[in-house]
1. Give the distance, in whole Å, between the Cα centre of the range 222-291 and the Cα centre of the range 71-148.
2. Cross-link list K158/K227; K56/K350; K182/K320: which exceed 32 angstrom alpha carbon to alpha carbon?
3. Which of H252, H20, H87 comes first, and how do the rest follow, when ranked by fewest Cβ neighbours within 10 Å?
4. With +1 on each Lys and Arg Cβ and -1 on each Asp and Glu Cβ, how big is the dipole of the range 142-278 about its Cα centre, in debye rounded to the nearest 20?
5. Which value, in debye to the nearest 20, describes the size of the charge dipole of the range 3-353 about its Cα centre when Lys and Arg Cβ atoms bear +1, Asp and Glu Cβ atoms bear -1, and nothing else is charged?
6. Going by how many other Cβ atoms sit within 10 Å of their own, how do R277, R352, R204 line up, fewest first?
7. Could you check the simple spin-label distance between S145 and S173, using points 7 Å along Cα→Cβ, in nm with one decimal?
8. Between K58 and D83, what length comes free when the chain is fully extended (0.36 nm per residue of separation minus the Cα-Cα distance, one decimal in nm)?
Amino acid sequence: MKKLLVTGSAGLIGSEVVSHFAHRGWKVVGIDNNMRADFFGEGGDTQWNAKRLVTKYKNYQHFNIDIRNRGDLEQFIGDQRPDAIVHTAAQPSHDLAASRPYDDFDVNAVGTMNLLEATRKYSTQIPFVHMSTNKVYGDAPNNLSLVEHETRWDYGDKEYFNGIKENFTIDQSKHSIFGASKVAADVMVQEYGRYFDMPTCCLRGGCLTGPNHSGVELHGFLSYLIKCNIIGKQYTIFGYKGKQVRDNIHSHDVSTFIECFLENPKKGEVYNLGGGRENSVSILEAFALIESISGKAMNYVYSSQNRSGDHICYISDLSKMKSHYPAWSITKDLKTTFQEIYDSWQERLKQRVR
């Protein structure tokens, strides 16, 4: 039986990866110390998800390990001897990083370095998948020619119709502190692949979403937006007239791509991972879609101040992923994804009332 190590295993992507590979008969070990609760308070707590995984999958084990502790990591990986590692643990908030820069860098950059070196000391042959972010491109996509439509911004240049490619510049732009720490991790993952000849890849995620997300205002765009609609909480739009665009990919489709990579790993690769144009949506368009599902009007307020370094329009070009792994494709469209998130929040909120 193959063994997979997943970091951040109680988070959105981590838990989906755990479920995906547990279903496929892998033995899965997860490490997650619930730092999300520390970062975001009660709303970000992922213990419910960790307990769900332990209860549901007999071939899953959960461990409370901090990736900032390199000694613990080296011993753990050496003892567990995994066949592959999927690294999803992170400080994920663009905004929070500015108020906690040391914590952000220690988790995102140093934690990733600790994992890479612990993996190298154990084996240079096992695949290492790192969840990076499209924030490595900073706000450079905002310098592209943009066109304003009734409900969204879009690219004005046909070259970018399908989105941002992996060769887009990461230099001379504002990344946010979070984006900068993720750049450090991203480049190091590539370097371990090239310098030490290790099978590694960076997945530069757009908006990763799904029903197991503990979305909060500072992180978790769709999950938080849908929760606000359900409970009638006021949602704040930060700038760009609410027409800012993100491409959204369901956590299931993230997991299936990871499976493709583990089956045929490459060294030091980079992929832009998102929903593509078909799964792109603006905030205003997201309001309309969730209102059509819930039957409730969105309660929101507009702030003219955009988040510093935020993207006006970001769509991932998926052509490289599809050329390297032609069997992979997006299977969850926007409406399905919205419905699943809506149903999940309804159930979770019911459980809290009981």
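Any read-out appearing in this document is the output of simple, stated calculations on the displayed coordinates, not a laboratory observation. Values in this document were obtained by computation on a predicted structure and should not be read as measured data. Here the Cβ positions follow ideal geometry from the backbone for every residue, glycine too, while neighbour counts run over all protein chains shown.
1. 19 Å
2. From the list (K158/K227; K56/K350; K182/K320), the Cα-Cα distance tops 32 Å for K158/K227.
3. Values: H252 18, H20 21, H87 27.
Going from least to most buried by this count: H252, H20, H87.
4. Numbers: 15 positive and 17 negative charges, 86 e Å.
Value, rounded to 20: 420 debye.
5. Values: 39 positive and 41 negative charges, 135 e Å.
Result for the range 3-353 is approximately 640 debye, rounded to the nearest 20.
6. Working: R277 17, R352 7, R204 24.
Placing the least packed residue first, the sequence is R352, R277, R204.
7. Between S145 and S173, the label points sit 1.8 nm apart.
8. Working: separation 25, 0.36 × 25 = 9.00 nm, distance 1.87 nm.
Taking K58 through D83 to full extension adds about 7.1 nm, to one decimal.
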